[in-house]
Amino acid sequence: MKSFWKNYKSSIILILAIILGGIVGAIMGAKAAIFKPVGDLFLNLLFMTLVPLVFFSVTSAISNMGEMKRLGKILKNIVLVFAMTAIISSIIGIIGVIIMNPTKGLNPDMFANLMQSSVEKVDTEKVGLLQQLVNTVTVSDFKDLLSKANMLQLIIFSILVGIATAMAGEIAKPIATFTQAGAAVMMKLVNLIMKLAPIGLGCYFASVIGELGPQILSGYAKVFVLYIILAAICYAGIFTLYAYIAGGKQGVEVFWKNAIAPTVTALATCSSAASIPVNLDASKKMGVPNDIAETVIPLGANIHKDGSVIGGVLKITFLFGLFGRDITSISAIISIVSVSFLVGAVMGAIPGGGMMGEMLILSVYGFSPEVLPIIAVISTIIDAPATVLNSTGNTVCSMMVARLVEGKEWMKTKLS
């Protein structure tokens, strides 16, 4: 029981604070607006850290990846497997949302006031497609990178600085060390600010529910139910398919024989990093060669998060539903798949990437940062099942990488 409380303490407190805020907002109605300044204070503290946090974290992560070039064939196949499984996860999320839209039944007109203050109006009709692409990934002046409204552009700039630092070699070591130290300091600062999260988000949601009514709470309940269904499909069905692709019937048997320990560990700790030792042991018992297992599992804990990809889809479509945007057009689906891939897979490599991923969603789709808590709640309520998909999925991916690197007879050779 102590272990359970230790692992879930922050999530439980945060959920209880949000529930309490929702109850207070429902009871007080419009009068709950008195709590808004406290919520704004918490949000502003977070917003103040975003630009330096993104720059230091992304640049540090990229500039210290130079040694991965030696992995050659293994790394190429890891990238292939991780990318394909992440895309498949995002497609599954899209299908789930189209079939069971968690915002169905919510009246978009109820959110008219919030929409007026939360959606940045951008005139895209007079801008050509190529110019719109340029505007999406770049800014015209360095100072514009210092705005949280240009999160995607800042991430791209940080990646390029990280690559340049790695290419510069030994002479740029001080810069790599500096950004690494900066990332560590900013994460400590975020941790300090997050201690105020129960009070800040509780007050924010009291004011939001007071303004919008308790109807939005039913949307969160539907999101949780939908995520559990999708997680079960991926865990029992898609992972089995991956295991079959990797090693046929024997692959399926070996995977499920050794998958329970990683699953339980992920569920108990809600941490992909904490699950690394168990996942390594399980992968090796599945017959995955040591060099592949010891590359896939640690790397996957950072950049391969299928559960977070599905979560990204739900966050994007939840906002789309609240604000009356179409999620069924081809362009919308392609956009959602692409952004959720970035949010769940690429951003997973960055410390604090969850929050930055949510800010990326807001930046790409033109929502104001003030709606961040609305989708941040989704991260909290899906944390446990998402970690199971994120973590346990890496073990079956290690099997598929072994299949690509070692050939189709790899399992017979390793387990004989």
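The values are calculated or read from the model by the stated rules, or taken from the named source; none is laboratory data. Everything numeric here is computed off the predicted structure, so don't read it as measured data. Here the Cβ positions follow ideal geometry from the backbone for every residue, glycine too, while neighbour counts run over all protein chains shown. All accessible areas refer to the heavy atoms of the entire protein, side chains included, with ligands and DNA or RNA removed. Shrake-Rupley method; radii C 1.70, N 1.55, O 1.52, S 1.80 Å.
Only residues that are within 13 Å of Ala197 (Cα to Cα) and in contact with a Pro (Cβ under 7 Å, 6 or more places away or on another chain) were counted across the stretch 10-30, and they come to 3.
Residue count for the stretch 273-289 under the criterion of being farther than 14 Å from Met400 by Cα, part of a helix (DSSP H, G or I) and not basic (Lys, Arg): the result is 7. Of all the listed residues (Leu230, Leu226), the sole one being farther than 14 Å from Val388 by Cα and hydrophobic (A, V, I, L, M, F, W, C) is Leu226. Counting only residues that are free of Cβ contacts under 8 Å to residues at least 40 places away in the same chain and at negative phi, which one in the stretch 384-412 is least open to solvent (accessible area, probe 1.4 Å)? Applying the filter and picking the extreme gives Glu409.
Once the stretch 168-189 is narrowed to residues that are of a type outside the set (D, E, K, R) and over 12 Å from Ser57 (Cα atoms), the residue that is most open to solvent (accessible area, probe 1.4 Å) is Ile171. Under the condition of being more than 13 Å from Ile78 (Cα to Cα) and among the small types (Gly, Ala, Ser), which residue from the stretch 285-312 is surrounded by the fewest Cβ atoms within 10 Å (Cβ to Cβ)? Filtering the stretch 285-312 for residues that are more than 13 Å from Ile78 (Cα to Cα) and among the small types (Gly, Ala, Ser), the one surrounded by the fewest Cβ atoms within 10 Å (Cβ to Cβ) comes out as Gly287. Summed over the stretch 313-333, residues that are more than 24 Å from Val371 (Cα to Cα) and open to solvent by less than 10 Å² (accessible area, probe 1.4 Å) total 0. When Ser218, Ser271 are screened for being under 22 Å from Ile98 (Cα atoms), open to solvent by 30 Å² or more (accessible area, probe 1.4 Å) and at pLDDT below 80, only Ser218 passes. Once the stretch 221-241 is narrowed to residues that are surrounded by 24 or more Cβ atoms within 10 Å (Cβ to Cβ) and touching a Leu at 6+ places or on another chain (Cβ under 7 Å), the residue that is modelled with the lowest pLDDT is Val223. Here the helices (runs of 4 or more DSSP H) wholly within the stretch 1-117 that include at least 2 residues being more than 30 Å from Gly407 (Cα to Cα) and at pLDDT below 90 are 2-28, 36-63.
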